[in-house]
1. What's the angle, to the nearest 10 degrees (0 to 90), between helix 115-143's Cα axis and the longest principal axis of the chain?
2. Through the Karplus equation 6.51 cos²θ - 1.76 cosθ + 1.60, θ set to phi - 60°, convert the phi angles of segment 146-154 into ³J(HN,Hα) values in whole Hz; use x for Gly and Pro.
3. With every protein chain kept in place and ligands, DNA and RNA left out, what is the accessible area per residue of segment 1-147? Probe 1.4 Å, answer in Å².
4. What is the distance in Å between the Cα centres of segment 67-82 and segment 153-172?
5. For segment 239-398, which whole percent of the accessible surface, found with a 1.4 angstrom probe, sits on carbon and sulfur atoms?
6. By accessible area of protein heavy atoms, probe 1.4 Å, what ranking do His21, His300, His286 get, highest first?
7. Rg/Rh for segment 1-102: what does it come to with C-alpha atoms and Rh from Kirkwood?
8. What order do you get for 195-205, 302-312 when each peptide is scored by the mean count of other beta carbon atoms within 10 Å, highest first?
Amino acid sequence: MEASPQDAEAMLRGGEMALRHRDPLNAARLFQQAIAAGATPAPWLPLALAHRALGDALAAEAAVDQALMLDTRDIRALIMKADLLVIRGREREAVGFYQAAGRAGRSAVSLPPGFASELWRAEGVEMRLQRKFEDALRSALAAGGFPPGKLSGEIETALDVLMGRARMTHGAGTGYVQEPTSFFYPGLPQRQYYERAEFDWMSALEAATDDIRAELEAVLADEALFAPYVIQAADQPANHHALMNDPNWSVFFLMKAGRPVAGQADRCPRTMAALAGAPLVHIRGHGPNIMFSLLRPGAHIPPHSGIVNTQLICHLPLIVPGDCALRVGADIRAWETGKALIFDDSIEHEAWNRSDGIRVVLLFEIWRPEIGAAERDALTLLFEAVEDYGKADAPAQA
């Protein structure tokens, strides 16, 4: 017989009582039954508490993820998600959830009883994890030949910004400036676009446009190979990007986070060969990223900023219908087939395709020319240490 709303309510009350009486096994059973019966709101967070009390951190985290799908700003769920990530050894991701909980708490008009003490505890854990994180980064830099005395002022300032001890500074510039969401390297010029003639390797790449487009067209024969570019990562706070999981902005990766994508890079050998002279960002777990980026008819990528300001984004336009453009800062430029656009994506930018055809560019990143070889080496060590930190899962336990 199908459970009624009254049955679901009784299951909820029974589960809460079981939790109070330290009977998590029975509590978990009753909360699961209440969810199956359509209880509103679904008791995902109490179920997570029951699973955690049972010592099943993975089941607890799965329940917390469901709670956060219902409310991305649920302070208790954000803190519990962070705590569970710490148990798994995913400390860097945990910091993001502790910080999200702090932001939610600071913006709340009032906090229920007990929330303030939980936020204070979470802030203390976050600070401890941040100190541990910085120690790991400095150790990696020192092991790679960059001890504190040999770090440039720019790297030291970048570390201060990364750790929250300093803010991004932009000199006397006005208007649109670099606002990367994850890592800021100080002292770089505030340039929206760079010109093709500034890069001696660019002419060879542009000369290969027809070969690259031919490989693209072979891929486009099966457009299902393209996947949404913006996807929600499971171990990061909710991303509210307007194109989340939206195929209107789709990509076909040749290389992703520094690795060739099996079955995809080898379909485009002439494209890969054409990029041989470009100063690609080779950082383990970070880059290069090389992709065909597709905007479907009517697509609009809303204003946003990239994650770092140490690289530039290059577009080689391959299929360009009319009424398509890219705005970086205050400068709007239209794509032209075979003529590259190079821009700083840490400056606010957006793109649109108002035509009735698809727009496709070859997209990849290069080092900023202002950053010299020694600083690139230090940044590579730093970014790889960030990538490695806290990624090895610890055994799940309560």
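The values are calculated or read from the model by the stated rules, or taken from the named source; none is laboratory data. Because the structure is predicted, anything quoted here is derived from the model rather than measured. Cβ coordinates were reconstructed from backbone atoms using ideal geometry, including for glycine residues, and neighbour counts include every protein chain displayed. With ligands, DNA and RNA removed, areas are computed over all heavy atoms of the protein, side chains included. Shrake-Rupley method; radii C 1.70, N 1.55, O 1.52, S 1.80 Å.
1. 40 degrees
2. Couplings: 10, x, x, x, 9, 6, 5, x, 5 Hz.
3. That works out to 53 Å² per residue.
4. With segment 67-82 and segment 153-172 each reduced to a Cα centre, they are spaced 30 Å.
5. Carbon-and-sulfur percentage of accessible area, whole number: 53.
6. Working: His21 135, His300 80, His286 45 Å².
Listed by decreasing accessible area, they come as His21, His300, His286.
7. Details: Rg = 14.0 Å, Rh = 13.8 Å.
With Rg and the Kirkwood Rh in hand, the quotient comes to 1.02.
8. Working: 195-205: 13.9, 302-312: 19.4.
Going by the mean number of other Cβ atoms within 10 Å, highest first, we get 302-312, 195-205.
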